[in-house]
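Shown next, in structure tokens, is the structure this report addresses.
The values are calculated or read from the model by the stated rules, or taken from the named source; none is laboratory data. Because the structure is a prediction, the values reported are computed rather than measured. Neighbour counts run over all protein chains shown; Cβ positions are idealised from the backbone, glycine included. Heavy atoms of the whole protein, side chains included, go into the accessibility calculation; ligands, DNA and RNA do not. Shrake-Rupley method; radii C 1.70, N 1.55, O 1.52, S 1.80 Å.
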Amino acid sequence: MEPTLNKELLTELVTFRKMLHANPEVSGKEYNTAKSVTEFLKTCKPTKVIENIGGTGIVAVFDSGKPGKSVMFRAELDALPIQEINSFEHSSIILGVSHKCGHDGHTTVLLGLARLLTEQKPKSGKIFLLFQPAEEDGEGAKAISSDPKFKMLKPDYIFAFHNLPGYPLNQIVIKNNSFTAGVKSIIIQINGKTAHAAEPENGLNPALAIAEILQESAKLSNNDPKRDDFTLITPIHIEMGEIAYGISAGYGEVRLTIRTWDEDNMEKLTTELISCIKKAAINHNMPITYSWTHEFYANQNNDTAVSLIKEAASSLSFDIFQRKFPFKWGEDFGLFTQNFNGAMFGIGSGKKSPALHNPDYDFPDEILPNAIQLFQEISLRILL
């Protein structure tokens with residue numbers, strides 16, 4: 001008989017989840033979170049705990065000691081720089097930082113799975129539990145993937161889930177191919193020349209160059225998620241000059257995010273946007289530079305991995321929803337699905353749940369048992 005969740009374990013997990021929620025840490029600074037996770041893992045008696053992967057990352061290894069496949073499950077450690085407005089007992093005690101994406105819950109799910117593996121390790125192969133730092137800024141997966149300690153693991157499959165407000169509680173949301181968009185942000189710097197406002201001809205004001213970049217980039221957007229060639233460019237910040245009416249501005253800055261469903265379209269859109277920037281520099285005779293930041297690869301779900309999720313969910317009699325097109329937000333797990341057979345899926349947080357990244361959001365603990373059981377069932381189907 002497979003180990004099961006009992007009331008005592010669920011109570012322990014909810015308590016741990018609320019502790020994480022009350023003590024959030026932003027991307028790359030998850031030192032105490034990682035310490036708490038490591039301490040919990042040691043009570044689960046894994047074969048090995050690998051620490052400090054890609055920064056504060058952790059991998060717990062459960063090795064059967066027998067040949068076989070390996071499967072990895074991933075959760076995130078970091079919180080967001082958002083001030084919480086909830087007033088419950090486990091609200092954040094860190095000013096301006098809170099778990100508004102549910103990573104506290106995702107991490108707790110993996111710890112619940114670890115506790116089940118304490119009772120029964122895999123019958124063949126290996127199970128890896130990856131606790132990843134810095135998902136929110138897109139740096140964590142890159143740091144993990146480039147770490148030699150991670151490169152040694154080489155999982156056959158890798159899975160992750162994200163809780164989804166707006167979907168029925170505990171509904172399993174699956175999709176083949178792209179699950180989330182590829183997303184990256186660009187910083188465009190227009191380096192003109194300051195002048196007296198009465199004599200703008202003696203300077204180079206960036207206003208018209210900014211206007212051209214915004215107008216031309218808007219033409220590249222095709223904000224229809226039902227289309228395979230979906231593209232979206234969103235202005236998020238514009239800066240120019242100072243509030244000084246005697247000065248014609250000499251410097252301007254534009255920040256945009258760009259989104260597509262896959263990496264091929266991302267490459268095409270990137271090229272087209274750079275072309276717009278270069279044309280604006282020529283048309284307005286001023287140097288314009290750019291740099292990229294916060295890059296998230298599209299989650300490309302493997303068909304076999306999606307089938308495994310669907311079969312596991314069906315065997316548990318869970319409600320399954322087949323989504324028709326990807327989510328427009330980015331997720332750092334995309335880098336893993338670009339390099340391994342794997343898939344991301346969703347679990348509904350409830351139709352009335354506050355949206356992700358809202359200051360009143362909180363991970364619903366009712367998700368914990370279903371998510372843990374689903375990961376367990378997926379592992380059993382791979383490690384026969």
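Only Cα pairs under 8 Å and at least 6 apart count here; give the relative contact order of the range 267-384 as a rounded whole percent.
Working: 74 pairs, mean separation 33.5, N = 118.
Averaging sequence separation for qualifying contacts and normalising by length gives 28 percent for the range 267-384.
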Compare 198, 218, 371 in a GNM of the chain, Cα atoms joined below 10 Å, and give the one with the largest fluctuation.
198
Compactness index (Cα Rg / 2.2 N^0.38 Å), the range 223-381
1.42
Helix-only [θ] at 222 nm, the chain, -39500 (n - 2.57) per DSSP H run of 4+, per residue, nearest 500, equals -10000 deg cm²/dmol
Comparing 129, 208, 308, which has the greatest mean-square fluctuation in the GNM of the chain with Cα pairs linked when under 10 Å apart?
208
Segment residue 357-residue 234, extension gain: residue separation times 0.36 nm, minus the distance between their alpha carbons:
42.5 nm
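Given N residues in the chain, what is Rg(Cα) / (2.2 N^0.38 Å)?
Values: Rg = 23.3 Å, N = 384, 2.2 N^0.38 = 21.1 Å.
That works out to 1.10 for the chain.
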Nitroxide proxy distance, nm - points 7 Å out along Cα→Cβ at residue 253 and residue 69
4.8 nm
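With a cut-off of at most 14 other beta carbons within 10 Å, and DSSP calling the residue loop, which trypsin sites (Lys or Arg not before Pro) in the range 94-167 qualify? Please list them.
Details: sites: 100, 115, 123, 126, 142, 149, 151; in loops: 100, 123.
Those that pass, being in a loop and sparsely packed, are 123.
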Carbon and sulfur %, accessible surface of the range 217-365 computed with the full protein complex present, 1.4 Å
51 percent
If you build a Gaussian network model of the chain, linking Cα atoms that sit under 10 Å apart, which residue out of 327, 88, 340 swings the most?
88
Specify which residue in the list 196, 254, 68 is farthest towards the positive end of the charge dipole of the chain, using unit charges on the beta carbon of Lys, Arg (+1) and Asp, Glu (-1), about the Cα centre.
68
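Scan the range 197-253 for chymotrypsin sites (Phe, Trp or Tyr not before Pro) in coil per DSSP, keeping those whose Cβ has at most 13 other Cβ atoms within 10 Å, and list them by number. The partial results should precede the final answer.
Numbers: sites: 230, 245, 251; in loops: 230, 245.
Qualifying residues, ordered by number: 245.
Quick check for you: with a 1.4 Å probe and neighbouring chains kept, what is the accessible area per residue of the chain, in Å²?
Numbers: 16960 Å² over 384 residues.
Dividing the accessible area of the chain by its residue count gives 44 Å².
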In whole Å, what three semi-axes, largest first, describe the equivalent ellipsoid of the range 28-144 built from its Cα gyration tensor (square root of 5 times each eigenvalue)?
28, 15, 11
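Given a 1.4 angstrom probe, I'd like the percentage of the accessible area of the range 1-61 that is carbon and sulfur, rounded to a whole number. Working shown, then result.
On the way: 1670 of 3100 Å².
Carbon with sulfur: 54 percent of the solvent-accessible area.
Which length gain, in nm to one decimal place, applies between residue 52 and residue 191 when the Cα-Cα distance is subtracted from 0.36 nm times their residue separation?
Values: separation 139, 0.36 × 139 = 50.04 nm, distance 4.07 nm.
Between residue 52 and residue 191, full extension yields an extra 46.0 nm.
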